[in-house]
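First comes the structure, then the notes that go with it.
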Amino acid sequence: MKKVLSTVLAATMIMGTASIAFAGTIQKKSGSTHGYSLTVSKDDDNSTFEDGAPFLVTYGPDNAGTDEDTAGNKAEIVIEPYADAVNNVYQRISDIKAHVNTRNVTASVKKNDGIEYKDVNDNNKQYNAPVLTLKGNAGVRNFEFEDYEVELDITIGDAKFDQTSKKLVKGVENEKDITVTVRHDEAAAYSRIQEFQEDTNYTNNKNNGVVYNFDEVIGEESRIRANDYVDVYFKGNYGTDYENMRLVDDDISEIVEFFGDVDVDCYDFVATPKFASNVKVVIDADESSVLYEYNKKTGDVTRVDAEYESNGWAFETKTLGTYIVAEEEYEEGNVSKDESSSSEDEKEPTDSDKQNPGTGANDMVGAAAAMAVVSLVAAGAISLKKASK
């Protein structure tokens, strides 16, 4: 009885095992233009590839590594079909599509030749397997690393060879549709994280990151160099764990248009970091310049109450926004309102809009009335004296 039960149990375990898709491993490819590779076969339907997957950030180095300290913006993974060179058994991918299941990464895939193979019977012709490209796409306030997941829908079959020449030819045999998943736990964020400590100077860059952990009270002043022209100083309790301190100094089109012929420099803290205590900001600029703040939500441009210290404008704030250094004083205003009023002023008048400068009446209406008066006078219906009243 025990033997029968054991046999039934063993059969059940075998059947259960057959229905489970074990996770595959993503390999790091050293010395390759593509950073990673994984191998798929017709038997890998519903398999998940997670071990060895890259860490991805939106703002970081081009090439992604395998931990938080080496996270990067992009990773290329070669999708290699199963191959057994000893027994001359090769599989080939005839179609492949990528579907992203999370918002924090983007994915694209190039099929290429569908197989990784050098054909010694065809002048050593090299065939290339598909390549999956992953890029970080986390938002500016995605501070901590989160899971990401990408599905690949693959049509794969047995590679076909010309039996006479032994050369690889187009098409596959015994093809099958499979789906595999590339994912990683806590491996996608906006940037790498720097632990912020007192009496220390930091610099924003892709390698170190622009997200800072402020979980400690800063007793001695510390500084973040946001870029070559903007420094932010901290001292006190800032009441937040993480903040994104990235600053972009590209021209802002609506601001350039608003200020017209006045030269401006734009400094935009893209994540609008907020703190419980004031930080001190110093922006390098000429003393003859004027500092403004631009509210991207409302369109308002207002002058900042700043003092000139050493080589720049200094002020304190709890929220870092978008700052404009203008070469000369300019009238405050609203970008949207000024654009709409300007467009109304520049509107070309139509014939029906043209007014008689003497009476304010429409030119055509005035001309018609004058003709009517002339006709009545000629007919003797009215006198010129009466008509002129």
So Ser222, is it closer than 30 Å to Ala64 by Cβ and hydroxyl-bearing (Ser, Thr, Tyr) | yes
Go through (1) in a loop (DSSP other than H, G, I, E, B); (2) more than 21 Å from the chain's Cα centre (by Cα) one by one and return the number of the condition Arg141 breaks.
-> (2)
Has segment 149-159 got any residue that is open to solvent by 30 Å² or more (accessible area, probe 1.4 Å) and farther than 21 Å from Asp43 by Cβ?
-> yes
Within segment 293-336, which residues are small (Gly, Ala, Ser) and in a strand (DSSP E or B)?
-> Gly312, Ala314, Ala326, Gly333
Would you tally the residues in segment 221-256 being open to solvent by 60 Å² or more (accessible area, probe 1.4 Å), of a type in the set (Asp, Glu) and not in a strand (DSSP E or B)?
-> 5
What number of residues in segment 53-87 are over 17 Å from Asp113 (Cα atoms), touching a strand residue (DSSP E or B) at 6+ places or on another chain (Cβ under 8 Å), open to solvent by 30 Å² or more (accessible area, probe 1.4 Å) and not β-branched (Val, Ile, Thr)?
-> 7
If Asn174 satisfies every condition in (1) open to solvent by 30 Å² or more (accessible area, probe 1.4 Å); (2) modelled with pLDDT of 95 or more; (3) farther than 30 Å from Asn112 by Cα but one, which is the exception?
-> (3)
So which residues in segment 38-61 are among the aliphatic types (A, V, I, L, M) and not in a loop (DSSP other than H, G, I, E, B)?
-> Leu38, Val40, Leu56, Val57
Among the residues of segment 181-202, is there at least one that is at pLDDT below 95, in a strand (DSSP E or B) and on the phi > 0 side of the Ramachandran plot?
-> no
Could you tell me whether segment 78-93 includes any residue that is under 15 Å from Lys28 (Cα atoms), of a type in the set (A, V, I, L, M) and part of a loop (DSSP other than H, G, I, E, B)?
-> no
Using the structure shown, decide if Asn112 is open to solvent by 20 Å² or more (accessible area, probe 1.4 Å), closer than 30 Å to Asn227 by Cβ and without any contact (Cβ under 8 Å) to a residue 40 or more places away in the chain.
-> no
Mind listing just one residue for me: the one in segment 94-106 that is part of a strand (DSSP E or B) and among the hydroxyl-bearing types (Ser, Thr, Tyr) and, of those, farthest from Lys176 (Cα to Cα)?
-> Thr106
Cross-chain or 6+ apart pairs with Cβ under 9 Å, segment 268-283 first and at positive phi and open to solvent by 20 Å² or more (accessible area, probe 1.4 Å), then assigned to a strand (DSSP E or B) and charged (D, E, K, R) = none
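The values are calculated or read from the model by the stated rules, or taken from the named source; none is laboratory data. Every value quoted in this text rests on a predicted model; they were computed, and no experiment measured them. Quick reminder, even Gly has a Cβ in these numbers, built from the backbone with ideal geometry, and neighbours come from all protein chains shown. Ligands, DNA and RNA are stripped out before the accessible areas are found, and what is left, the full protein with its side chains, is counted by its heavy atoms. Shrake-Rupley method; radii C 1.70, N 1.55, O 1.52, S 1.80 Å.
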